[in-house]
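Shown next, in structure tokens, is the structure this report addresses.
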Amino acid sequence: MHHTEIVSHLVLFIVIFLAYLDCVARTTVRKMTSKFFVALISCDCIMLVSLIFEFIFVDLATEVDAGFMLPMRIAACFDFISYFALISLFVYYVLDYISYKTKVNWTYAHICLAVCIIFAVGWCASIFNGMFFSIENGKFTHGQFYWFAQLGGVFVAFVTALVIFKYIKVLGIYDALFFLSFILLPLISIFIRLYASFFTMQMALTFSILLMFNFIHLTQVRQILSQQEEIKEGKISLSFSQIQPHFIFNTLNSIYVLCDKDNPELVKKAIGDFSSYLRTNIEVLENHSEILFEKEIENLKHYLNLEQLRFGDDVYVSYDLQETNFYLPPLTLQPIVENALKHGILKKENGGSIIIASYKTEDCYKIKISDDGVGFDTDEVFNNDDKKSERSHIGLKNVRSRLEIISSGTLEIKSKKGKGTCVFISIPIHKKRMMEEKNEYYRT
């Protein structure tokens with residue numbers, strides 16, 4: 001009889017099913033959960049249920065009626081299929097997790113999937129022809145090709161370990177160990193079975209998934225929720241800082257002067273720029289998603305049009321936009337350009353120019369904002385305790401923080417006194433998928 005095995009696997013099924021419900025029932029968690037992790041838990045639930053019915057039908061076939069062998073074989077088929085689906089999905093899940101941090105090679109997962117399909121078919125066929133194993137009188141017997149049948153699981157375990165060690169610097173030791181538990185715990189189960197026959201490979205895999213659920217998945221969800229709150233507060237602060245009272249007063253005063261000059265067309269254009277600028281900044285408070293670069297440029301042009309209205313020929317702006325089809329956090333460019341104006345070219349006697357460029361490399365989308373203003377000492381501003389100097393460049397620090405959190409982007413500043421300043425923004429191309437998923441989450 002398999003009473004101990006049935007009870008232990010049933011308890012484990014209840015636990016993993018509760019974890020599954022946590023991933024899919026709560027809206028906030030569901031939208032942050034990898035589809036591969038949800039599929040992984042689903043397969044594990046099916047595998048445990050199949051194994052429970054397998055034990056039940058083996059006992060019934062042995063003690064009640066041999067006719068229960070057929071449903072036992074069907075349950076075994078589901079067990080094998082879900083097992084191989086589980087270990088192949090795990091490779092996809094690991095690569096998906098890594099893909100949010102760097103580029104990955106999905107070929108590893110595709111190869112494992114093909115191997116798992118082949119061996120799943122072989123194990124299911126063995127239920128009827130005894131090629132890998134047979135069950136007689138409730139006892140498991142090795143078939144002629146039993147040891148060959150183990151190669152499928154061994155191959156996938158080897159590839160999984162290869163992937164984890166290849167990207168271990170990206171994962172970090174902490175996450176890598178929990179991913180490796182998917183390999184190590186089943187190996188441990190082989191030795192435990194010498195003394196406790198109820199501890200199966202399926203139980204070992206389930207324990208590993210529960211470890212990842214508690215120490216990787218939930219940690220990731222909490223981190224994302226914390227980042228969202230930080231981003232929300234930062235965007236509200238940044239948005240209000242951009243709509244400063246003196247900027248509004250100066251803009252309205254410029255429009256007032258234009259009215260005195262009897263220039264209705266220029267007045268209309270200035271009012272249009274001003275209303276569009278205010279509308280975009282207010283929308284940032286309501287919409288948390290990233291925006292297209294071309295939309296960010298459009299808002300920046302409204303801002304610069306208003307500043308050029310005030311300063312005339314002292315401000316010259318040119319654009320070299322080779323790439324515009326990518327996402328970035330809203331209000332990324334304006335604080336940088338505003339710094340270039342206030343602390344760069346407007347401190348020169350005859351003003352100066354700002355060049356805004358964008359292009360694409362193999363790995364990143366690049367933005368370069370350069371000016372020929374007075375420049376500054378970056379070490380003096382960012383690496384000392386001079387609060388006045390630091391406050392004048394606080395917008396750059398906010399932008400850098402939001403780029404890192406939202407897009408895993410970087411912001412680099414190069415400046416030299418008397419020569420000007422260059423700000424370089426890099427946004428990894430592999431982040432595009434994650435940003436689109438986040439945007440979908442925020443929209444819903």
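The values are calculated or read from the model by the stated rules, or taken from the named source; none is laboratory data. The structure presented is a predicted model; accordingly, all values stated were derived computationally and were not measured. For neighbour counting, all protein chains shown are included, and Cβ atoms are generated from backbone atoms with ideal geometry for every residue, glycine included. Side chains included, ligands, DNA and RNA excluded: accessible areas come from the protein's heavy atoms. Shrake-Rupley method; radii C 1.70, N 1.55, O 1.52, S 1.80 Å.
What the table below lists for this structure:
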{"item": "In segment 32-70, residue nearest to F84 (Cα to Cα) [restricted to those that are of a type outside the set (D, E, K, R) and in contact with an Asp or Glu (Cβ under 7 Å, 6 or more places away or on another chain)]", "result": "M47"}
{"item": "Residue count for segment 75-116, restricted to those that are over 24 Å from C45 (Cβ atoms), part of a helix (DSSP H, G or I) and not aliphatic (A, V, I, L, M)", "result": "4"}
{"item": "Matching residues, segment 314-331, being modelled with pLDDT under 90, closer than 24 Å to S353 by Cα, outside any strand (DSSP E or B) and touching a helix residue (DSSP H, G or I) at 6+ places or on another chain (Cβ under 6 Å)", "result": "P330, L331"}
{"item": "Top-ranked residue in segment 365-398 [being assigned to a loop (DSSP other than H, G, I, E, B), modelled with pLDDT under 60 and among the charged types (D, E, K, R); ranked as least open to solvent (accessible area, probe 1.4 Å)]", "result": "D386"}
{"item": "Options F68, F57; residue that is touching a Pro at 6+ places or on another chain (Cβ under 7 Å), open to solvent by 10 Å² or more (accessible area, probe 1.4 Å) and more than 14 Å from M212 (Cα to Cα)", "result": "F57"}
{"item": "Segment 415-427, subset modelled with pLDDT under 90 and either among the charged types (D, E, K, R) or in contact with a Phe, Trp or Tyr (Cβ under 8 Å, 6 or more places away or on another chain) (or both), residue surrounded by the most Cβ atoms within 10 Å (Cβ to Cβ)", "result": "S415"}
{"item": "Test result for S358, buried (at least 17 other Cβ atoms within 10 Å of the Cβ), out of contact with any Pro (no Cβ under 8 Å at 6 or more places or on another chain), outside any helix (DSSP H, G or I) and modelled with pLDDT of 90 or more", "result": "yes"}
{"item": "Helices (runs of 4 or more DSSP H) within segment 121-190 that include 3 or more residues crowded, with 17+ Cβ neighbours inside 10 Å and at negative phi", "result": "151-166"}
{"item": "Identity of the residue in segment 127-138, touching a helix residue (DSSP H, G or I) at 6+ places or on another chain (Cβ under 9 Å) and not polar (S, T, N, Q), that ends up nearest to F57 (Cα to Cα)", "result": "G138"}
{"item": "Test for E5: is it surrounded by 17 or more Cβ atoms within 10 Å (Cβ to Cβ), under 21 Å from V121 (Cβ atoms) and acidic (D, E)", "result": "no"}
{"item": "When residues of segment 8-37 are limited to those that are modelled with pLDDT under 90 and of a type in the set (V, I, T), the one surrounded by the fewest Cβ atoms within 10 Å (Cβ to Cβ)", "result": "T27"}
